[in-house]
Amino acid sequence: MFVGLGVLGGLLATVVPVQAQQPDTEQAELLCEFTADCAAPANDRGTPETTAPAQGQPRSSATRGFTFTRATTSDAAPVARRAEGRPVDLHVSFAPGSADLTAEARARLGNVAAVLVSPRLSARRLRIEGHTDASGSASANLDLSRRRAQSVADYLIAAGVAKGRIDVVGYGSTRPLDHVDPHAAENRRVVAVLL
């Protein structure tokens, strides 16, 4: 019996650190989406890739031990403008026809809340927007989109985001992403917009 527990403990010790790293990666991706300030991925040597500079960043090149840096014509301000008012799809799901969050949505929103209370975003207000596809009546879709946005806001508030920072709005099916197919799945979404 003691051998079994020792083996189980060893397995848990190897599995738990891998699972603990996953939210950090997701949180970094969320912060990138919210701020539009993304770090370049590292290559095998641990240094950032230099394929293309981010907008507003100087371009660099190395030649025989010398590094030349050319400033770009834009400054860092466009990055801040680009992040403001840019919708971030929260990729949350609900039980069909309801505003009940799935278990996966709750896990995702836990990471969203962690990013929103981080020092980079803790002073920012945001708007949670609910959208539906065109299935059903316009009034039912508007109500469902509002309830879903409110459900997301309530979860974020319970997770530590200040209530006064969040506005909630439902648009129903009036702002589809796929205009060709108003019933497309991508039209059903909840997004957050930094204000």
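Here are some notes:
- Test set (1) within 15 Å of L90 (Cα to Cα); (2) at pLDDT below 95; (3) touching a Pro at 6+ places or on another chain (Cβ under 6 Å) - P182 fails condition number: (1)
- Residue tally, condition buried (at least 20 other Cβ atoms within 10 Å of the Cβ) and among the hydroxyl-bearing types (S, T, Y), over segment 162-175: 1
For every residue, the table says whether it meets (1) among the charged types (D, E, K, R); (2) modelled with pLDDT under 95; (3) under 22 Å from the mean Cα position of the chain (by Cα).
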position: Q55; (1), (2), (3): no, yes, yes
position: A83; (1), (2), (3): no, yes, yes
position: P96; (1), (2), (3): no, yes, no
position: R106; (1), (2), (3): yes, no, yes
position: N111; (1), (2), (3): no, no, yes
position: S135; (1), (2), (3): no, yes, no
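- Screening A138 with (1) farther than 19 Å from A36 by Cβ; (2) touching a residue at least 40 places away in the same chain (Cβ under 8 Å) gives one miss only, at (2).
- Which numbered condition A107 misses (of (1) in contact with a Gly (Cβ under 8 Å, 6 or more places away or on another chain); (2) within 19 Å of D89 (Cβ to Cβ)): (1)
- Qualifying residue in segment 176-193 (condition: out of contact with any Phe, Trp or Tyr (no Cβ under 8 Å at 6 or more places or on another chain), small (G, A, S) and loosely packed, with under 14 Cβ neighbours inside 10 Å): yes
- Test: R127 is modelled with pLDDT under 95 and either surrounded by 13 or more Cβ atoms within 10 Å (Cβ to Cβ) or not polar (S, T, N, Q) (or both): no
The values are calculated or read from the model by the stated rules, or taken from the named source; none is laboratory data. Quick caveat, the model's predicted, so the values are computed rather than measured. Quick reminder, even Gly has a Cβ in these numbers, built from the backbone with ideal geometry, and neighbours come from all protein chains shown.
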